[in-house]
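So the structure is just underneath, and the comments pick up after that.
Throughout, read-outs are computed from the coordinates displayed, never taken from laboratory work. Owing to the predicted nature of the structure, the values given are computational and were not obtained by experimental measurement. Don't worry about glycine lacking a Cβ; one is built from the backbone with ideal geometry, like all the others, and counts go over all protein chains shown.
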Amino acid sequence: MECSAINSNLNFAGKYQLNANQSMPNQEACLKRDFMLGVACSYAQNGAEVSKKLYDFYNGVYNKDKNAPCEVVFDIPKNHETKFETYMAQVGQRFDKLA
């Protein structure tokens, strides 16, 4: 008997929603947060999509309203979830785990 999966390269992911423009205590905290969001884009399954949304936001809406929210959802592979949660907590970025 032969058995094969529909997709043998299954990559399960957790979804994390956050405001990428949340208020931070100082400029250094903003820079650390922005750096870690970039790192997360590098391993998120939808990293290119999130990166484009961030780029569009900071080159558009942000120029009109520095306090406007920028809601993004990261699809983080299971093997990176703990790392993502730890790094976001270290830089003070709040997030919600959706799935």
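For region 25-54, the list of trypsin sites (Lys or Arg not before Pro) that fall in a loop by DSSP and count at most 11 other C-beta atoms within 10 angstrom is empty. Principal axis extents of the C-alpha atoms in the chain (largest first, rounded to whole Å): 62, 27, 20. A simple rule links phi to the HN-Hα coupling: the Karplus curve 6.51 cos²θ - 1.76 cosθ + 1.60 with θ = phi - 60°, which for region 80-92 gives 10, 4, 4, 4, 4, 4, 5, 5, 5, 5, 5, 8, x Hz, with x for Gly and Pro. Which value in deg cm²/dmol, rounded to the nearest 500, describes the helix-derived mean residue ellipticity at 222 nm for the chain, given -39,500 (n - 2.57) per DSSP H run of n ≥ 4 and division by the residue count? After summing the helix terms and dividing by the residues of the chain, the value is -13500 deg cm²/dmol. Go ahead and run the numbers for FRET between N26 and T86, Cβ-Cβ distance against an R0 of 22 Å, rounding to 0.05. Taking R0 as 22 Å, the efficiency between N26 and T86 is 0.55.
Once you order the gyration tensor axes a ≥ b ≥ c over the Cα atoms, which shape class does region 41-94 get: rounded for a/c under 1.5, otherwise prolate or oblate by comparing a/b with b/c? The shape class here is oblate. Mean-square fluctuations from a GNM of the chain, with a 10 angstrom spring cutoff on Cα atoms, peak among N21, N67, N46 at N67. On C-alpha positions alone, give me the angle between the axis of helix 47-58 and the longest principal axis of the chain, in degrees, nearest 10. Approximately 10 degrees, to the nearest ten. Under the rule a/c < 1.5 gives rounded, and otherwise a/b versus b/c splits prolate from oblate, where does region 11-52 land using the Cα gyration tensor? It comes out prolate by the Cα gyration axes.
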